[in-house]
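The values are calculated or read from the model by the stated rules, or taken from the named source; none is laboratory data. The structure presented is a predicted model; accordingly, all values stated were derived computationally and were not measured. Here the Cβ positions follow ideal geometry from the backbone for every residue, glycine too, while neighbour counts run over all protein chains shown. Areas reflect the complete protein model, heavy atoms only, side chains present, ligands, DNA and RNA absent. Shrake-Rupley method; radii C 1.70, N 1.55, O 1.52, S 1.80 Å.
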Amino acid sequence: MHYFKYKGNILYAEDIPINVLVEQYGTPLYIYSAKTLRRHLKAYTDSLKALPHIICYAVKANSNAAILRLLGSMGAGADVVSGGELYRALRAGIPAGKIVYAGVGKRDDEIEYALRKRILMFNVESIEELENINHIAGKIKKTAPVALRINPDIDPETHPYISTGLKKNKFGIPIETALEFYKQAKQMKHIRVVGIHKHIGSQITKVNPFVDALERILILVEHLKQEGIHINYLDIGGGLGIRYNDEEPPHPKELAKQIIPLLKKHDLTLVVEPGRSIVGNAGILVTRVLYTKAGFDRKFIIVDAGMNDLMRPSLYNAFHQILPVKKKRGKKVFADVVGPICETGDFLAKGRELPDVRRNDFLAVMSAGAYGFSMSSNYNSRPRPAEVLVDGNMHYLIRERETYRDLVRGEKIPDTLKE
Ligand code: LLP
């Protein structure tokens, strides 16, 4: 559910017509709905209220400071995967005690930064990483709170690029060896074992993979208990899917209904790391039609947003609904919606049925709030879009459009080339 709806012929973001926003801020433009963000976070909070829990929003989905601030002010923590994300989360006011840190390749400086800031826990992905964290913590006289990220070997039935909990994936510690690693962790002087973590993938549209993975993890928790290893936090990761087209992903309530009974007899604080299901449908990318043209066998609508602004269609062949900002009557066309970038992979939609749009019409690419701006780049030296947050009848610029000057920031010409 979201608050991008037509009123009459015009698509609105909450109470504001989108054409008003593009007139003021230009295109391409990311627009987010504050009401939708609140609603989505609340869906988790309400669903999980029977259990002690922390909702650690996955910063990678959308790391804009205003969005982090909004979610943080409602009590969300953060799931981070780099020093940069940790910096962003802290700067937005999210308490370190609600921040978890995952990722297979944490650097020494990043580990030290997180230790000094006293995050809730490191989600550790290998024995070498664990040894390194122990070493760094000893060096700076700290104790590192850790959870081991377990690879439970469960098929999330999603796109292979975003499956993370299969045997062949690089993530986590194989469930078979986990007990052994926990025993080793317990012996390490500067490590405090506090939790267990798993994350099996993203855009998961069924409850079953979550339940299966959790059941496997809970067996491990029992084994840990028998070994005298007691943990406080059970982190089940993120991954709940959203509706892009005709998917029918479970509501957090349905997920909670299935998992709460499994957890009732355990004295654990549940951690969840939703990203997409919080921001995905809370954002759109609005783009201007530059040209239309007839190819050999198809029509092209050339717009001013490209794969550098929204990479998901090119990278995953992902489907994003495309809606005209102003509804048009009359004939429909089938067209490829493509960007200005010099790559054949630069498309937002293929063979899509659309109204017969013309130069300077606006199109809204829906469900672009997650992994949209956060995966954008400057490829083809394109300044990245502005971002706007709408709240009721108010709108706020939450990131300025980049300028040409931003493109070259930090670049230097060696003196020898200046002559
Ligand atoms: N926790 C961990 C450890 C993760 O790796 C991820 C996402 C999440 C939580 C959040 O998952 P979510 O609730 O958003 O599904 N770029 C891809 C998605 C990559 C997801 C990576 N990890 C896309 O655009 O579909």
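Looking at region 1-95, none of the strands (runs of 3 or more DSSP E) lying wholly inside it contains 3 or more residues that are over 30 Å from Val338 (Cα atoms), at pLDDT 95 or above and of a type in the set (Asp, Glu).
Of Val365, Val337, Val388, all but one fail to be surrounded by 22 or more Cβ atoms within 10 Å (Cβ to Cβ) and within 16 Å of the ligand (Cβ to nearest atom); the exception is Val365.
Against the numbered list (1) more than 20 Å from the chain's Cα centre (by Cα); (2) open to solvent by less than 40 Å² (accessible area, probe 1.4 Å), Arg288 comes up short only at (2). Residues in region 153-178 that are surrounded by fewer than 23 Cβ atoms within 10 Å (Cβ to Cβ), more than 13 Å from the ligand (Cβ to nearest atom) and part of a loop (DSSP other than H, G, I, E, B): Asp153, Asp155, Glu157, Leu166, Lys167, Lys168. When Gly228 is tested against (1) within 16 Å of the ligand (Cβ to nearest atom); (2) on the phi > 0 side of the Ramachandran plot; (3) among the small types (Gly, Ala, Ser), only condition (1) is not met.
Yes or no, residue by residue, for (1) of a type in the set (Lys, Arg); (2) in contact (Cβ under 8 Å) with a residue 60 or more places away in the chain; (3) at negative phi; (4) not assigned by TED's automatic domain parsing to the domain that holds Val357:
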position	(1), (2), (3), (4)
His251	no, yes, yes, yes
Glu254	no, no, yes, yes
Leu262	no, no, yes, yes
Ile284	no, yes, yes, no
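Is it the case that some residue within region 193-203 is at pLDDT 95 or above, open to solvent by 20 Å² or more (accessible area, probe 1.4 Å) and more than 21 Å from Ala58 (Cβ to Cβ)? Yes, there is a match, as at least one residue in region 193-203 is at pLDDT 95 or above, open to solvent by 20 Å² or more (accessible area, probe 1.4 Å) and more than 21 Å from Ala58 (Cβ to Cβ). Would region 352-360 turn up any residue that is touching a strand residue (DSSP E or B) at 6+ places or on another chain (Cβ under 6 Å) and without any contact (Cβ under 8 Å) to a residue 24 or more places away in the chain? Checked region 352-360: at least one residue is touching a strand residue (DSSP E or B) at 6+ places or on another chain (Cβ under 6 Å) and without any contact (Cβ under 8 Å) to a residue 24 or more places away in the chain.
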